[in-house]
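Here is the structure we will look at, set down as structure tokens.
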Amino acid sequence: MSATVPAITYNVDLVRQDFPILAREVRPGVPLVYLDSTATSQKPRQVIEAVTRYYSQSNANIHRGIHTLAEEATAQYELARANIANFLGAQTPRQVIFTRNTTESINLVAQTWGRTNLHRGDVVILTEMEHHSNLVPWQMLATEFDLKLEFITVTPDGLLDLDEYQRLLSLTPKLVAFTHVSNVLGTINPAKDIIKMAHDVGAITMLDAAQSVPHYKVDVQDLDVDFMAFSGHKMCGPTGIGVLYGRKSILESIPPFLGGGDMIKRVKLRSFVPNEIPHKFEAGTPAIGEAIGLSAAVAYLQNISMEAITAHEKEIIHYALERLEEIPGIAVFGRPAAHKCGVASFILQGVHAHDVSQVLDRDGIAVRAGHHCAMPLHEKFQVPATVRASFYLYNKIDEVDRLVDGIYKVKTLFKS
Ligand code: PLP
């Protein structure tokens, strides 16, 4: 083995003790090696306990009740919003809208800002590396409103072609919507520059931060982004809770998304007056326990520090890339490592990605195989599917070794 084992920046063994699931065996005698955090992360007991505490002590519907539990639940839900706003560097908690996930957050923008601001022939710039969540909502709108979708191409190294972006900006787009970090290539895009360039031509920006907020310190004011979306479940929080951050003036100017309770100030039989932000965008009973769980997740990540988490993942991915590329017949997508987060997607010559994943699972190694909701990107690289190993704050260097050993086993089995 030629790769050097790097130093770890915090005690991963202690962190792992916080995640009950990491102690389980997939089958008797086969411990879990969880390398699928890009799909969803595991949850520390601090989050599980926060959700349990809420349901055991304070569960009630929010905003409408005057009794003690309703007041406690409301206070905890709104405190969660404030904590998340603080985590993002937002000016006010009112800019944090709770949704179900990244997908819903992006659809909210498409159906509210998009419907009122995009017109026939308007140009929307996306990229070839988008998750379907940041493609399909715009395709749906493009069909209805006859919009022109343009795409920043991806270079063979898995980076965005920024010269081409510069050329596309001459079309004076109304919107530039792009992913901060690719869930397939792991590429970290220069979001601040992309946003600045968009603003210079008067475009609004929508950042898909599903894969960045869990792993990096993301400051919305520093980025100067107009809309940003992410999911709680990818950052140690519960499923069913996501966030849309928005520029205050824009949020105030656009219509509500869904209609119903809580999003109104007044209702008559034939009309309604929408509520203030953020409630205007939160129709019906929200995911209260999940928002409280997400706030606990944010506190957990902050306690370790986002900088330490980023540094840890950087070391793991450097090591993983070195080790993976030792394997004959493997092709890893998205280089170079300097622009990459903790994601390694690869193909193994002569073996289908699903078979690789299935064989690895026998050794308890959980990776993802498929198109990872980025079919156009896979088409571009002319592969139907890749195997994706992804790393988070709780992964260890020896898990990379187990992955590599597992891949050699696959090669032996398939004689590849
Ligand atoms: N965007 C990116 C870059 C993602 O990786 C994902 C999920 O993998 C999503 C959007 C969609 O997230 P969700 O399914 O939580 O809405």
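The values are calculated or read from the model by the stated rules, or taken from the named source; none is laboratory data. Keep in mind that what you see is a predicted model, and the values were worked out from it rather than measured. Heads up, the Cβs are rebuilt from the backbone with ideal geometry, glycines too, and the neighbour counts pull from every protein chain shown. For accessibility, only protein heavy atoms count, side chains too; no ligands or nucleic acids. Shrake-Rupley method; radii C 1.70, N 1.55, O 1.52, S 1.80 Å.
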Suppose every Lys and Arg Cβ carries +1 and every Asp and Glu Cβ carries -1, with no other charges. What dipole size does region 297-361 come out with about its Cα centre, to the nearest 20 debye?
160 debye
For the chain, state the semi-axes of the equivalent ellipsoid (square roots of 5 times the eigenvalues of the alpha-carbon gyration tensor), sorted largest first and rounded to whole angstrom.
36, 28, 17
Filtering trypsin sites (Lys or Arg not before Pro) in region 232-338 by DSSP loop and by at most 14 other Cβ atoms within 10 Å leaves LYS268, ARG270
Only Lys, Arg, Asp and Glu count, each charged at its Cβ (+1, +1, -1, -1), so figure out the dipole size of the chain about its Cα centre, rounded to 20 debye.
920 debye
Links exceeding 19 Å between C-alpha atoms in this model, out of LYS380/LYS411; LYS148/LYS248; LYS314/LYS340, come to LYS380/LYS411; LYS148/LYS248
Can you give the extra length, in nm with one decimal, that the chain gains between ALA299 and MET375 once fully stretched, where that is 0.36 nm per residue apart less the Cα-Cα distance?
23.9 nm
Percent antiparallel among DSSP beta bridges with both residues in the chain, to the nearest 5?
60 percent
Do any trypsin sites (Lys or Arg not before Pro) in region 350-416 lie in a DSSP loop with no more than 13 other beta carbon atoms within 10 Å, and if so, which?
LYS415
Residue-averaged 222 nm ellipticity for the chain, from DSSP H runs of 4+ at -39500 (n - 2.57), nearest 500
-11000 deg cm²/dmol
Taking the alpha-carbon centre of each part, the distance from region 123-156 to region 279-301 in Å is 29 Å
Quick query: amide H of THR187 versus all other amide H atoms, modeled in the peptide plane; which residues come in under 5 Å with a sequence gap of 5 or more or a different chain?
SER182, CYS341
Give the distance, in whole Å, between the Cα centre of region 178-248 and the Cα centre of region 316-362.
26 Å
Pop out the Kirkwood hydrodynamic radius of region 287-416 from its pairwise C-alpha distances, inverse of mean 1/r, in Å to one decimal.
16.0 Å
Longest principal axis of the chain (C-alpha) makes with the long axis of helix 288-304 (C-alpha) an angle, in degrees to the nearest 10, of 50 degrees
What number comes out for the charge environment of LYS192, summing +1 per Lys or Arg and -1 per Asp or Glu over other residues with Cβ under 14 Å away?
-4
Running a GNM on the chain with Cα contacts under 10 Å, which residue among ASN83, ASN61, ASN183 ends up with the highest mean-square fluctuation?
ASN61
Share of antiparallel DSSP beta bridges in region 188-321, in percent to the nearest 5?
75 percent
For region 321-366, report the accessible area per residue in Å² (1.4 Å probe, heavy atoms, rounded to an integer).
39 Å²
R0 = 35 Å: FRET efficiency of LYS409 with HIS132, Cβ-based, nearest 0.05?
0.60
Considering only DSSP states other than H, G, I, E and B, which trypsin sites (Lys or Arg not before Pro) in region 81-128 qualify as loop sites with at most 11 other Cβ atoms within 10 Å?
ARG120
What translational diffusion coefficient, to the nearest whole µm²/s, does region 54-156 have by Stokes-Einstein, given a Kirkwood radius computed over alpha-carbon pairs, a temperature of 37 °C and 0.692 mPa s viscosity?
198 µm²/s
What percentage of the solvent-accessible surface of region 21-88, computed with a 1.4 Å probe over protein heavy atoms, is contributed by carbon and sulfur atoms?
57 percent
Pick from LEU244, LEU162, LEU269 the residue whose mean-square fluctuation is largest in a GNM of the chain, springs joining Cα atoms under 10 Å.
LEU269
Among THR92, THR205, THR40, which one shows the biggest mean-square fluctuation in a GNM of the chain, springs joining Cα atoms closer than 10 Å?
THR92
In debye, nearest 20, what is the charge dipole magnitude of region 16-144 about its Cα centre with +1 on Lys and Arg Cβ and -1 on Asp and Glu Cβ, if you could check?
260 debye
Straight-distance crosslink candidates among lysines, where the alpha carbon sits under 24 Å from LYS268 and sequence neighbours closer than 8 are dropped:
LYS280
Between ARG16 and LEU269, how high is the FRET efficiency from 1/(1 + (r/R0)^6) when r is the Cβ-Cβ distance and R₀ = 60 Å? Nearest 0.05.
0.55
